[in-house]
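Beneath this line is the structure, given in structure tokens, with notes to follow.
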Amino acid sequence: MDKDIFTALMNPYYETYRETAIYHKTKVFAWNPDNEIHERVLFRSVNVQYTIKSPTADSVESEADLSIKKCIQKPIENDNEKIIRRILTIYHFYVSIDGAERVDIKDMIDYDIKKLDVQDEYYNTSVKLVYARDSGNGIKRMSKDNKNSGIFVEYKKSVKVEIDYEIFLPIEDNHFTNRLKYPTKSFRIDCICHDDNNVRLYGQLLGTFTDNSKIKISHPKDNIISIESFDWLLPRNGVFIILCEKTHAKDRT
């Protein structure tokens, strides 16, 4: 554990991490447009904003990976990237390195698509966003193992990122887990479920050495939840949120 903590302290960290996820349960979607069969799906619109820094800021150059990996349900035996991009759509991927003007790299992103080794109840494919090519803006595609496996940036002071994306999910998938890649100093996630008054959101922080006095979970309404941490979270910490149907008629609005 000491070794893991030491490694984490020498790696980049999120100075702030904010995420807003908005769910809709009344959407219909054709997983395979060729058969024109539309199904009711769970639709999630997400905005992520964070600032990455390094304990060695200003002294040595650091490297951080901005890639995103998601599990999706794609049409069986259809790896057409156009379909994948309909299921998981990136609208903006803004990056600002060391205070420079932010650059939208969404058109420079490729999808690394792989079949899941063990298919779960809802998903059969993993999609990782990777950088398509090197450029002169400080963003590169090559990792240390020389494979196209991420979106790597080199920086000295900080990296600011804002991402907007949408994803279509099987209607049966009523929960999600968000785990952090790097240690996080200040964390907050807000989740909202629109257009369904029969939904109640529940959530829990997944943390190591967490102090309950430094965690805030609020429910301004049944269909809204906010989870916030005012203390350090470690890599793989995060949140678990579930969308529950109200089961009693007296709970319905």
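Applying the condition of being closer than 24 Å to N124 by Cα and modelled with pLDDT under 90 to region 150-169 and asking which residue is surrounded by the fewest Cβ atoms within 10 Å (Cβ to Cβ) yields G150.
For region 205-227, a residue qualifies if it is in contact with a strand residue (DSSP E or B) (Cβ under 6 Å, 6 or more places away or on another chain), surrounded by 14 or more Cβ atoms within 10 Å (Cβ to Cβ) and either in contact (Cβ under 8 Å) with a residue 60 or more places away in the chain or of a type outside the set (A, V, I, L, M, F, W, C) (or both), and the qualifying residues are G207, D222, N223, S226.
Elements of the type strands (runs of 3 or more DSSP E) sitting completely within region 31-132 and holding at least 1 residues that are in contact (Cβ under 8 Å) with a residue 60 or more places away in the chain and either among the hydrophobic types (A, V, I, L, M, F, W, C) or surrounded by fewer than 17 Cβ atoms within 10 Å (Cβ to Cβ) (or both): these cover 39-53, 62-65, 69-72, 88-97, 125-131. The residue that is farthest from the chain's Cα centre (by Cα), among those in region 228-244 that are surrounded by fewer than 18 Cβ atoms within 10 Å (Cβ to Cβ) and part of a strand (DSSP E or B), is C244. Selection of region 133-149 for residues being part of a strand (DSSP E or B) and either modelled with pLDDT of 55 or more or of a type outside the set (S, T, N, Q) (or both) yields I139, K140, R141, M142, S149. Within region 171-185, being under 12 Å from S229 (Cβ atoms) and either among the basic types (K, R) or more than 16 Å from the chain's Cα centre (by Cα) (or both) holds for one residue alone: K185. Of the numbered criteria (1) over 17 Å from the mean Cα position of the chain (by Cα); (2) at pLDDT 90 or above; (3) small (G, A, S), the one S126 fails is (1).
The values are calculated or read from the model by the stated rules, or taken from the named source; none is laboratory data. Model, not experiment: these values are computed from the prediction. Positions of Cβ are backbone-derived with ideal geometry, glycine not excepted, and every protein chain shown enters the neighbour counts.
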